[in-house]
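Any read-out appearing in this document is the output of simple, stated calculations on the displayed coordinates, not a laboratory observation. Since the model is a prediction, treat every value here as computed from it, not as a measurement. Cβ placement follows ideal geometry from the backbone for every residue including glycine, while neighbour counts extend to all protein chains displayed.
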Amino acid sequence: MKTSNKLLLGIFSIIILLTTIVQLMVYAKYKRGEYVTFNRDDYYDHVKINVPPTKFVSLIALGSCDLINSDTPRIEMREGRSGTLSYKVVNDTLIINGDSTLTNNAMAGGTRNRQNVKLYLPVSVQIQTAFCNVYAKGALDSAHAPSYTVTLTKNSSFGISWADNKTTYFNQLLINGGFANIDLDDHAIINDLNLSMAHSSLDSKNALVKKMTLNYDDNSTIALSGRNLKALK
């Protein structure tokens with residue numbers, strides 16, 4: 001083998017070795033919990049819109065809406081991305097529409113405003129959704145476990161906000177689902193889950209539910225882990 005070829009082969013081998021070492025180091029840090037997941041939202045400016053306090057909130061055509069307990073009601077989204085989103089207050093209801101130009105047929109087909117919206121609301125506010133995907137944010141300590149009351153309609157879904165595989169706590173989840181999907185999370189601990197379902201589905205995954213009240217019709221499907229069967233009342 002020519003000297004030049006040997007040199008190229010040696011350089012190539014060193015590159016592969018260094019790449020492997022870096023990957024192993026990153027994996028080791030991840031396993032030790034030292035790796036911090038990149039949060040893209042932290043690097044963008046956000047718009048915060050204070051909204052008047054109301055008893056009810058109606059959400060329409062939001063493809064990614066995070067629900068967060070807060071004493072001060074407000075909407076938060078990435079700056080310059082509000083786009084077609086609009087809101088108004090009618091009597092005691094705050095109505096947030098992801099895109100008022102969408103027809104019912106378009107929304108039924110899955111079209112949504114996919115911009116992430118963070119919605120901060122007091123625990124007493126009742127939320128109703130149509131053609132929405134909403135995600136409830138839990139607490140990292142049980143002392144501050146939040147509660148949510150949500151009515152899901154028209155192909156809406158309810159899930160748990162991503163928390164980097166950390167355990168998240170919820171006090172009470174009161175959910176009514178009509179033509180809806182409810183998915184819990186492996187790392188969620190819920191003190192009280194009260195669920196009514198019609199033409200809907202529930203997947204508890206490996207969440208821990210301490211107390212569960214479940215009402216459903218013949219057109220609903222339910223997937224419960226073994227330990228959650230014991231929580232049924």
Given a Förster distance of 35 angstrom, what is the FRET efficiency for I14 paired with D45, based on the Cβ-Cβ distance and rounded to 0.05?
0.25
Of every Cα-Cα pair in the stretch 41-229, the percent that sits beyond 30 Å
16 percent
For T221 and Y87, extending 7 Å from Cα along the Cα-Cβ vector and measuring point to point gives, in nm, a value of 3.5 nm
On a 21 Å Cα-Cα criterion, which of the cross-link pairs K154/K205; K205/K230; K55/K118; K55/K210 come out too long?
K154/K205; K55/K210
Rg/Rh for the stretch 122-196: what does it come to with C-alpha atoms and Rh from Kirkwood?
0.95
For the stretch 170-175, Karplus couplings with θ = phi - 60° (6.51, -1.76, 1.60), whole Hz, Gly/Pro x:
10, 7, 9, 10, 10, 10
Report the relative contact order of the stretch 41-229, percent, no decimals, based on alpha-carbon pairs under 8 angstrom and at least 6 residues apart.
17 percent
Can you say what percent of the DSSP beta bridges in the stretch 60-214, counting only those with both residues inside, are antiparallel? Round to 5.
20 percent
Debye equation applied to the C-alpha atoms of the stretch 153-212, log10 I(q)/I(0) at 0.16 Å⁻¹:
-0.47
Report the residues of the stretch 143-164 in range of a label on K205: point 7 Å along Cα→C-beta, backbone N strictly under 17 Å from it.
157-164
Normalised contact order of the stretch 135-212, rounded percent, pairs of Cα under 8 Å and 6 or more residues apart
28 percent
Volume per residue that the Cα convex hull of the stretch 44-91 spans, once the total is divided by residue count, Å³
100 Å³
